[in-house]
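The values are calculated or read from the model by the stated rules, or taken from the named source; none is laboratory data. The structure presented is a predicted model; accordingly, all values stated were derived computationally and were not measured. Here the Cβ is made from the backbone with ideal geometry for all residues, glycine too, and neighbour counts use every protein chain on show.
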Amino acid sequence: MNRIETVRQQVDEILLSMPDAEERRCGYVHLYGVAQACALLAKKRGENAELAVIAGMLHDIYSYAKMDSTDHAHKGAVMAREILESLKIFSEEEMETVCTAIYRHSDKAVTQNALDEILKDADVLQHIWYNPLFAVKQAEQERYEKLMAELGIEKDGF
Ligand SMILES: [Fe+2]
C-alpha cells in the first residue's frame with residue numbers, strides 16, 4: 001500500500017466514527033476535495049504531490065474529529081503529527097513539512113513556503129468550486145483571482 005492510502009485509512013477511520021452523517025459527508029467532501037486540489041497544484045508547480053495530498057487529507061482533521069474549529073489549524077498540526085508519527089513511514093523532515101503547512105493554513109493573507117501555499121490555495125479552490133454558484137468570500141477573492149490566472153482560466157463562466 002502506498003503512503004497516501006495508508007494515511008487515507010487513518011482519515012477514513014476518524015471520519016467514519018463521526019456520529020452526524022451530514023458532518024461526516026462534509027468531512028469527506030472537504031478533506032478529499034482539498035487533497036485532490038493539492039495534487040493538481042503540486043503537479044502544476046512541480047512540487048511534491050504525495051506530501052501535498054497528505055497535507056490536504058489531514059489539514060482539517062481536528063475540526064472533524066473533535067467537531068470544534070477553534071484554533072483548528074494549530075491543534076490540527078499536533079493531531080496530524082501524532083497520526084504521522086504513529087505510522088512510522090515518514091521522515092522527520094516530511095512530517096515537519098506536512099505539519100507546518102497544516103499549522104499555517106489559516107494564515108491566508110500571507111505567502112509562505114511552497115507546500116504551505118499549495119494547501120491554502122487548495123482550501124480556497126475546494127470552498128469555491130464545491131458550489132460555483134455561491135458567492136466567493138471576500139477573504140478568498142484575491143487568492144482565487146491569482147489561481148484563475150495561474151491555471152489559465154480567463155473566462156469565469158457560470
Ligand atoms: Fe479546510
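Quick grid of which residues meet (1) buried (at least 18 other Cβ atoms within 10 Å of the Cβ); (2) assigned to a helix (DSSP H, G or I); (3) among the small types (G, A, S):
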site	(1), (2), (3)
G27	yes, yes, yes
H30	yes, yes, no
A35	yes, yes, yes
K43	no, yes, no
I54	yes, yes, no
S63	yes, yes, yes
T70	no, no, no
G76	yes, yes, yes
A80	yes, yes, yes
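For segment 63-70, does any single residue satisfy the condition of being over 21 Å from Y144 (Cα atoms), away from the ligand (no atom under 13 Å from the Cβ) and touching a His at 6+ places or on another chain (Cβ under 9 Å)?
Yes, the conditions are met somewhere in segment 63-70.
Can you tell me which of E47, E93 is out of contact with any strand residue (DSSP E or B) (no Cβ under 9 Å at 6 or more places or on another chain) and not in a helix (DSSP H, G or I)?
Result of the check over E47, E93: E47.
Among the candidates V11, V53, V29, V7, single out the residue that is modelled with pLDDT of 95 or more and closer than 16 Å to Y103 by Cα.
Step by step, each of V11, V53, V29, V7 is checked, and only V53 is modelled with pLDDT of 95 or more and closer than 16 Å to Y103 by Cα.
Given the residues A49, A37, A77, A73, which is the only one that is of a type in the set (A, V, I, L, M) and free of Cβ contacts under 8 Å to residues at least 12 places away in the same chain?
A49
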